[in-house]
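Here's the structure, in structure tokens; my notes come after.
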Amino acid sequence: MRRLGLVLLAIGIVCIIGCTSSGNPEAEDAAIASARAWLALIDNEQYGESWDEAARLFKGAVTKIQWQQTMQALRKPFGKNISRELKSKSYQTSLPGSPDGEYVVIQFKASFENKKSAVETITPMREKDGEWRVSGYYMK
């Protein structure tokens, strides 16, 4: 479980340490829409479906069973999502420890039934088929 958290942390927020950014509003908008749809699955406790919809990079880091168990243990206790507001977004083409590509590191300020204030960091990436899929998720 600890290894899983470190993997998701590395994939999801490693960009905060230092990345190149070139800004791309169209990509950011598409990635945010993808992130919101994915988070809706998490909010509805559809953890298996969220894994199914994630990027290949994500699936290579954690099995579906591990993901479901982690979300049951760590996310479910927060309860229903009350609010989620965009805090920041950053288009990136390089993330340490990840293959070069297109990523958007997104942070949402969120509130839940049992956790008044949290920050969700979610990192969609554009995959080879052109679709944006989540490659990392971390909540603090």
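The values are calculated or read from the model by the stated rules, or taken from the named source; none is laboratory data. Because the structure is predicted, anything quoted here is derived from the model rather than measured. Heads up, the Cβs are rebuilt from the backbone with ideal geometry, glycines too, and the neighbour counts pull from every protein chain shown.
Numbers below:
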{"quantity": "Check on LEU95, touching a residue at least 24 places away in the same chain (Cβ under 8 Å), in contact with a helix residue (DSSP H, G or I) (Cβ under 6 Å, 6 or more places away or on another chain) and surrounded by 14 or more Cβ atoms within 10 Å (Cβ to Cβ)", "calculated": "yes"}
{"quantity": "Residue, surrounded by the fewest Cβ atoms within 10 Å (Cβ to Cβ), within segment 98-136, restricted to residues that are in contact (Cβ under 8 Å) with a residue 60 or more places away in the chain and of a type in the set (Gly, Ala, Ser)", "calculated": "SER98"}
{"quantity": "In segment 94-131, residue nearest to SER34 (Cα to Cα) [restricted to those that are polar (S, T, N, Q), at pLDDT 95 or above and assigned to a strand (DSSP E or B)]", "calculated": "THR123"}
{"quantity": "Condition met for LEU86 (outside any helix (DSSP H, G or I), at pLDDT 95 or above and within 26 Å of GLY130 (Cα to Cα))", "calculated": "yes"}
{"quantity": "Where ILE65 falls short, out of the listed (1) touching a strand residue (DSSP E or B) at 6+ places or on another chain (Cβ under 8 Å); (2) part of a helix (DSSP H, G or I)", "calculated": "(1)"}
{"quantity": "Condition met for ALA35 (in contact with a strand residue (DSSP E or B) (Cβ under 8 Å, 6 or more places away or on another chain), at pLDDT 95 or above and under 18 Å from VAL119 (Cα atoms))", "calculated": "yes"}
{"quantity": "Residue list for segment 50-62, restricted to those being in contact with a Ser or Thr (Cβ under 8 Å, 6 or more places away or on another chain) and in a helix (DSSP H, G or I)", "calculated": "LEU57, PHE58"}
